[in-house]
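The values are calculated or read from the model by the stated rules, or taken from the named source; none is laboratory data. Note that the coordinates shown come from a computational prediction; the quantities given were computed from them, not determined experimentally. Please note: Cβ atoms are built from the backbone with ideal geometry, for glycine as well, and neighbour counts cover all protein chains shown. Accessible surface areas use protein heavy atoms only, side chains included; no ligands, DNA or RNA. Shrake-Rupley method; radii C 1.70, N 1.55, O 1.52, S 1.80 Å.
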Amino acid sequence: MSESRPLPVPASRIARLSRLGSLTAGVAGNMALGGMAELSKGKRPELRNLLMTPRNIGRIVDELSKMRGAAMKIGQLLSMDAGEFLPPALAEVMARLRNDAHIMPPAQLKSVLNTNWPAGWLSQFKKFNVRPIAAASIGQVHQATLKDGREMAIKVQYPGVARSIDSDVANVGALLRISGMIPKGFDIAPYLKAAREQLHEETDYLREGAFLAEFGQLLAENNAFTVPEHYADWSTPAILAMQFVNGIPIEDLQSAPQEQRNEVASNLITLLLEELFSFGVMQTDPNFANYGFDQKTGKIILLDFGATRRISCTIIDQYRALMTAGLDGDIDEVGRIAQQIGFFDDQCDPKHRSIIQNMIMTVFSAIRDDFDFSDTSLANQLQREGMVLAEEGFVPPTLPVDVLYLQRKFAGTFLLCNRLDARVDLQSMLLQVVLRTTN
């Protein structure tokens, strides 16, 4: 974890509202000054150019990262869910929030622990490191050792973030709307709603602990993955206790032999397909920090289950049919199923429908050969075609929530495999899992 100075988390709704209000006022003030400067030069100020200055970008990222909780998480989610529809400058602001997180001061940490654990809890520990080994938008993780010998990783939720989700999301949404940066016709409300729902789920650490235990059972006989043991006796709604498993960040495997990188990527993709078609339950947050690698065992460590959700049978059947049609090269069937899923609707311009169908078929054509994730030509082609759609005024319909989460997992897994420069036989993997799980 990068060094970060301790900073108290604003816990009350009033304090958080005040911080966002101050942020909005400060950004507006900077925009006004910039506008006057442009007018003095005889230029007509552009709203977007006034907002996306280095000073304003820095102020937005800094303030949201200090607040943590939903105010920070909403930027992370938007950068992944809607990033391709947002202007590059705004997507950059949101993406920067993925890596910026302050930590709680020891006094605030102690207060949270005292609130959640019984009196005298410290006497049960042989060692407790007050310096977190990881910090994110909702909580921070500490390493500790119990006197009974258990090595623990303890995720401690920031105070007040669960109570402030609805107001934080509403306030950040308002900030985005008044910025003038949201493309005309793009409905951000469904993304804000999905983010709010996910945040309520992610702040329930008892829920996450149950999924941690469930995945431990699902993958108990799988030699490719390690799932930390859930310690229910030390877990509460705001504290998640689990086994500490030592490992390196998974992206550190960039320098590993090609064969090992290919194997890791294949295992990640197989897990994704198993989650969708076999388990019906998926960890939908593909953040690189949610994966580690145990160099001693050669296993991938699964570290976070806060964004886990069950996928509806309808969506599972639709994606199975889409993959079957795509691998068969049946473009008409691909178009029919793509409309069922919600990638376009009856009102879609036939030209736009054709572009979307061809984009999907382009992906399946690439899958028929050994897929080289280091080759960016496919991603660049899809990006160009996506920009054509945007420039011609295509506004995607509101996607079902399950589809939003699935698309995020697909995209994140692709990015991780790209980071590993992996080459895998995607077609065989798809055929093996999809055909095996077909009724």
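Brief remarks follow.
- Only listed residue being surrounded by 15 or more Cβ atoms within 10 Å (Cβ to Cβ), out of contact with any Gly (no Cβ under 9 Å at 6 or more places or on another chain) and touching a residue at least 60 places away in the same chain (Cβ under 8 Å), chosen from PHE277, PHE211: PHE277
- Test: residue in the stretch 255-267 that is within 28 Å of HIS200 (Cα to Cα) and surrounded by fewer than 20 Cβ atoms within 10 Å (Cβ to Cβ): no
- Residues of the stretch 351-377 classified as open to solvent by 30 Å² or more (accessible area, probe 1.4 Å), more than 15 Å from LEU431 (Cβ to Cβ) and over 26 Å from the mean Cα position of the chain (by Cα), total: 6
- Among residues of the stretch 232-265, those that are touching a residue at least 40 places away in the same chain (Cβ under 8 Å), in a helix (DSSP H, G or I) and touching a Leu at 6+ places or on another chain (Cβ under 9 Å), counted: 9
- Any hit, the stretch 314-330, residues being more than 30 Å from VAL156 (Cα to Cα) and basic (Lys, Arg): yes
- Conditions (1) surrounded by 18 or more Cβ atoms within 10 Å (Cβ to Cβ); (2) more than 18 Å from PHE279 (Cα to Cα); number of the one not met by LEU406: (2)
- Only one of GLY342, GLY326, GLY292, GLY335 that is in contact with a helix residue (DSSP H, G or I) (Cβ under 8 Å, 6 or more places away or on another chain), open to solvent by less than 30 Å² (accessible area, probe 1.4 Å) and within 19 Å of TYR405 (Cβ to Cβ): GLY342
- Residues being open to solvent by 10 Å² or more (accessible area, probe 1.4 Å) and in a helix (DSSP H, G or I) - total across the stretch 410-427: 9
- Checking ASP285, ASP346, ASP328 one by one, the residue that is over 23 Å from MET387 (Cα atoms), without any contact (Cβ under 8 Å) to a residue 24 or more places away in the chain and not aliphatic (A, V, I, L, M) is ASP328 and no other.
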